[in-house]
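Participant: I'd like to ask some things about the structure below.
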Amino acid sequence: MAAAHGLKPLVQVGKAGVTDGLIGALDAALSDHELVKVRFTGHKDERTELSAVMVERTRSHLVSIIGNTAVLYRESPDPAKRRISPGA
């Protein structure tokens, strides 16, 4: 998704892995931005599996994993706050 290209990672998965705190931060970021980059600074070998966990727990969609960065998307329930069209 081209809309993610210029984004900076808002959430980082470090040595603690995918914690409740990380899920809370990711959930808030998705609510605010819809499209969020997640950088893996730890658990890099598990990024595919951990991305699936984050997607499930935040009810979002995995857009891509490139290198050690995952891009997640969740449409805002409020049409006035929607910034991204899923077809874009």
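The values are calculated or read from the model by the stated rules, or taken from the named source; none is laboratory data. Quick caveat, the model's predicted, so the values are computed rather than measured. All Cβ positions, even for glycine, are placed from backbone atoms using ideal geometry, and neighbour counts span all protein chains on display.
Participant: I'm trying to understand the selection: among the residues of segment 5-50, which are of a type in the set (D, E, K, R), in contact with a strand residue (DSSP E or B) (Cβ under 7 Å, 6 or more places away or on another chain) and part of a helix (DSSP H, G or I)?
Facilitator: Correct list: ARG47 only.
Participant: Can you name every residue in segment 51-71 that is in a strand (DSSP E or B) and of a type in the set (Ser, Thr, Tyr)?
Facilitator: The answer is SER64, THR69.
Participant: Also, I was wondering about something else. What tally of residues in segment 23-63 results from selecting those that are of a type in the set (Lys, Arg) and either farther than 15 Å from LEU10 by Cα or touching a Phe, Trp or Tyr at 6+ places or on another chain (Cβ under 8 Å) (or both)?
Facilitator: Number satisfying all stated conditions: 4.
Participant: Would segment 21-42 turn up any residue that is out of contact with any helix residue (DSSP H, G or I) (no Cβ under 6 Å at 6 or more places or on another chain), surrounded by fewer than 13 Cβ atoms within 10 Å (Cβ to Cβ) and either of a type in the set (Lys, Arg) or at positive phi (or both)?
Facilitator: no
Participant: Conditions first: (1) outside any loop (DSSP other than H, G, I, E, B); (2) surrounded by 14 or more Cβ atoms within 10 Å (Cβ to Cβ); (3) among the small types (Gly, Ala, Ser). ALA80 passes all but one, so which condition is the exception?
Facilitator: So the condition that ALA80 fails would be (2).
The rows are residues; the columns are (1) out of contact with any helix residue (DSSP H, G or I) (no Cβ under 7 Å at 6 or more places or on another chain); (2) touching a residue at least 12 places away in the same chain (Cβ under 8 Å).
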residue: THR19; (1), (2): yes, no
residue: LYS44; (1), (2): yes, yes
residue: VAL63; (1), (2): no, yes
residue: VAL71; (1), (2): no, yes
residue: ARG82; (1), (2): yes, yes
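Participant: Checking ALA88 against (1) more than 13 Å from the chain's Cα centre (by Cα); (2) in a helix (DSSP H, G or I); (3) at pLDDT below 95; (4) not basic (Lys, Arg), which single condition isn't satisfied?
Facilitator: (2)
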